[in-house]
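A short reminder: the numbers here are calculations on the coordinates, not readings from a lab. If you're wondering where the values come from, they're calculated on a predicted model, not measured in any experiment. Glycine also receives a Cβ, built like all others from the backbone with ideal geometry; neighbour counts cover every protein chain displayed.
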Amino acid sequence: MSSINTNVSAMVALQSLNKTNAALETAQKRISTGYRVGSAEDNAAYWSIATTMRSDNSALSTVKDALGLGAATIDVAYTATNSAIDVTKEIKNKLVAARQPGVDRAKIQSEITELQNQLQSIGDSAVFSGQNWLSDDSSAAGYNATKSIVASFTRSGGAISIGTISIDTSNTLLYDAGAAGVGIIDGLRDATGAIGATGTSVAALDISALTDSAADTTILEAHIARADTAISEMTDSASLLGASKQRVGLQKNFVSALMDAVDRGISALVDADMTEESTKLQALQVQQQLGIQSLSIANQQGQSILSLFR
């Protein structure tokens, strides 16, 4: 039936064109933004998951920065400890040279004094981001020998947790200003070189007044033992710091790889397939042109009714 009130063909053509335009708008939006799910209205579940994962990935980026900061702090302490070992070796060499009868021990002591001052300078200068792991005061309020480095951020069942790497610096201190604490350099050592309640520290040993007497020779040999033991302890300290630095580096690499994996997961959920969308866009553009032509033809059907009244 032909009607001038209702053009069924035009209505169908218009509905089809509207659907094509809506699909074309969606395709253009995906191509322009690069997202298949750009907002909650596109897919609420995927959008929610992607938003949470992006938030967690941002936290992982902060963790990576914290690991870099921790690695730098460890590196400063490690480098300073190595330098302190070299200086203490020089002190030991001077003491061994002073063991030779007849040498001017006062002059040797002047060299040792400068080396002791250098050790103090190394300990005081080993600071990074306000932290000094080689020179501290163990009696100070809030002091904690265990240093923590933020190492991970995890989410499980909606609950989050922060993981840390702990490093015990109680055995890395070269200088400890605390009354009860002893550092490797300023700690009192007995004749065997062991830390004790009495004795002489590497920082305070003095051979300027020693003679070639048997008693003074025994004192000199005790000083050599003290320096040698301090070198051994600093070597152990450097080994600990080196192992900690390696672990922090490995964790930093893992966090970086984890961030990449999370990015890939987010991409799989919300990113648009540009090849598919571009193909779809071309097809929709053709459909749009055909829909416009179809609507135009449907609108002309009313004109054919006029010919019946001529």
Hey, among LEU210, LEU173, which residue is in contact with a helix residue (DSSP H, G or I) (Cβ under 6 Å, 6 or more places away or on another chain) and in a loop (DSSP other than H, G, I, E, B)?
LEU210
For a quick check of your reading of the model, give me the residue pairs whose first member lies in the range 19-43 and is among the small types (Gly, Ala, Ser), whose second is surrounded by fewer than 16 Cβ atoms within 10 Å (Cβ to Cβ), with beta-carbon atoms closer than 8 Å and at least 6 apart or on different chains.
GLY34/MET274; ALA40/SER48
Tell me the residue from GLN251, GLN289, GLN285, GLN301 that is polar (S, T, N, Q), without any contact (Cβ under 8 Å) to a residue 40 or more places away in the chain, in a helix (DSSP H, G or I) and on the phi < 0 side of the Ramachandran plot, please.
GLN289
Taking only pairs six or more apart or across chains, which ones have beta-carbon atoms under 8 Å, a first residue in the range 138-153 that is closer than 30 Å to ASP56 by Cβ, and a second residue that is outside any strand (DSSP E or B) and charged (D, E, K, R)?
PHE153/ASP56
Filter result for the condition that a residue is farther than 21 Å from ASP236 by Cβ, of a type in the set (D, E, K, R) and over 28 Å from the mean Cα position of the chain (by Cα), over ASP190, ASP206, ASP176
ASP206
Within the range 115-157, residues being assigned to a loop (DSSP other than H, G, I, E, B), of a type in the set (A, V, I, L, M, F, W, C) and surrounded by 15 or more Cβ atoms within 10 Å (Cβ to Cβ) number 4
Hey, LYS64 hits all of (1) closer than 30 Å to ASP216 by Cβ; (2) buried (at least 16 other Cβ atoms within 10 Å of the Cβ) but one; which does it fall short on?
(1)
